[in-house]
Structure formats: C-alpha cells, structure tokens
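Here the structure is laid out as structure tokens; the discussion comes afterwards.
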Amino acid sequence: MIQKIRLMIVDDHVLFREGLKALFATTEDIQVVGEAGDGETALENNRSLQADVILMDIHMPGMDGIEATRKILEQNSRAGVIMVTMLEDDASVFAAMRAGARGYVLKGANPQEMLGAIRAVAEGQALFGPAVAARMMRFFQEETAESKIEVSTRPELGKHSGIKDLIEPLSAREGEILNLIAEGYSNKEIAQRLVLSSNTVRNHITSIFAKLQVADRSQAIRLARGSREKP
C-alpha cells in the first residue's frame, strides 16, 4: 500500500486552491488533508492536521507566509514547507528559507514541476532556484568568514574554528547520516544501511540542513568534505 504524502494548501485565492486539489486528486501518493486562506487559519489547522508538506503562499493578508512558516514549524518541525509565489522574488524566498521553508515553486509552474517539488521535499530534499541558492551561499560564506575572524581574535577557541565549528551541533546519528550523504547514498539507501524508516532519515536530514544553514544536499556535502580536510 502506498504511503500517501499528507498535504495542506495555504493560499488566499480559492480558485488556485481548487485547481491544486483537482490536480492532486489524480495522484496516488498525495492526499490533501486540509487547506487555509490565510496564515492564522493555517496555524490553527496545523495543530490537528500535522501535514507532511505544506504549500504556502508568501503574500497573504494578515499573517504572511513567512511568519506562518516560522510558527507552523515551531508546532510541527517535521513538516516540509514549500513557498508558492507569483514572481521569482529571491529576497522574499530567501527570507522564507531562513524561516525554515525547504523549497519554492512559481504559481505558473507546470503540474509535473509542482508534483516533483512536493515529492522531493517529502523525501527530505530542499529545492530553491539559482538566484536564491547564490544568495544563500553568500550568506553562508559571510557567516563562515565572521566565524574565522572571531577565532583569530579569541585564541581560547582553539581547534573549534571555521567550518568544523558548525559541524559540532550535529548529534552522533546526524553526523553519521551526513557522512553517508557525502558518500553519495540516497535517503532510501541510508535508511536500509542504518535500519531506519524513511521518515526518520528524512527528519534527520531536515535537522542537518537547519543546523548547518544549508539549502540542499550539495551544500551539505561541500561542508562535510570541508570539515574532513580541517586539521
């Protein structure tokens, strides 16, 4: 039996929500468990729905998608939020990403792109466009540079410097999974190798991305390999 992805749609346009529901009704692996027309309602519904993936409109009256994302993830940290936007506004999407969102799609995306994004995020991946990825990399590089400056002015920090300092918050299990990611293992292969469920692996990967402040597997891999090269 197929384990369906539990999906909530949050958008203030009724016709857009109805169109998405019609699309998902034709799939076997996605089940719409709820919807909301604003951030406040989404926050209230999330308490009982505990969706796997949430399609979240960025711009809504009242509580916007960015604030709603932050509060929803405080309630349900395992949810994967995908921002939905009319324009490729990398500044807004980057703000949403810092709030915890794991991807975005344009409202004009074709059905396969929309379905692909939902399935990828449900598997623990993060999906952002080139402009947002570039912005994220600049932010990450600035954070790393600031960390190195602090180490140079505070000798007592010793060996805990640079990239290696960022790795430390990971638990032993998260470090093990990060190493397997760096070796090229897929989520399914990691689950089989560590005798874990796919959902457990996905949740660990979500936590790894958040702790390392990275947007996808490739950035996590670069960070892991950079850490290995440190003395």
Test result for Ile30, within 18 Å of the chain's Cα centre (by Cα) and closer than 22 Å to Leu127 by Cβ | no
Mind counting the residues in region 187-216 that are modelled with pLDDT under 80 and either among the small types (Gly, Ala, Ser) or touching a strand residue (DSSP E or B) at 6+ places or on another chain (Cβ under 8 Å) (or both)?
-> 5
Out of all the residues in region 27-58, which are out of contact with any helix residue (DSSP H, G or I) (no Cβ under 9 Å at 6 or more places or on another chain) and of a type in the set (Val, Ile, Thr)?
-> Thr41
What are the residues in region 47-59 that are surrounded by fewer than 23 Cβ atoms within 10 Å (Cβ to Cβ) and not β-branched (Val, Ile, Thr), if any?
-> Arg47, Ser48, Leu49, Gln50, His59
Here the residues within region 172-199 that are surrounded by fewer than 16 Cβ atoms within 10 Å (Cβ to Cβ) and hydroxyl-bearing (Ser, Thr, Tyr) are Ser186, Ser197
Residue hits (region 95-110; surrounded by 18 or more Cβ atoms within 10 Å (Cβ to Cβ) and in a strand (DSSP E or B)) are Gly103, Tyr104, Val105
Among the candidates Ala131, Ala120, single out the residue that is of a type outside the set (Lys, Arg) and either assigned to a loop (DSSP other than H, G, I, E, B) or modelled with pLDDT under 80 (or both).
-> Ala131
Just give me the residues in region 61-94 being surrounded by fewer than 20 Cβ atoms within 10 Å (Cβ to Cβ) and among the small types (Gly, Ala, Ser), in sequence order.
-> Gly62, Ser77, Ala91, Ser92
Can you find a residue in region 217-228 that is modelled with pLDDT of 55 or more and not in a helix (DSSP H, G or I)?
-> no
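The values are calculated or read from the model by the stated rules, or taken from the named source; none is laboratory data. This structure is a prediction, so every number in the text was calculated from the model and none was measured. Reconstructed Cβ throughout: ideal geometry from the backbone, glycine too, with neighbour counts over all protein chains shown.
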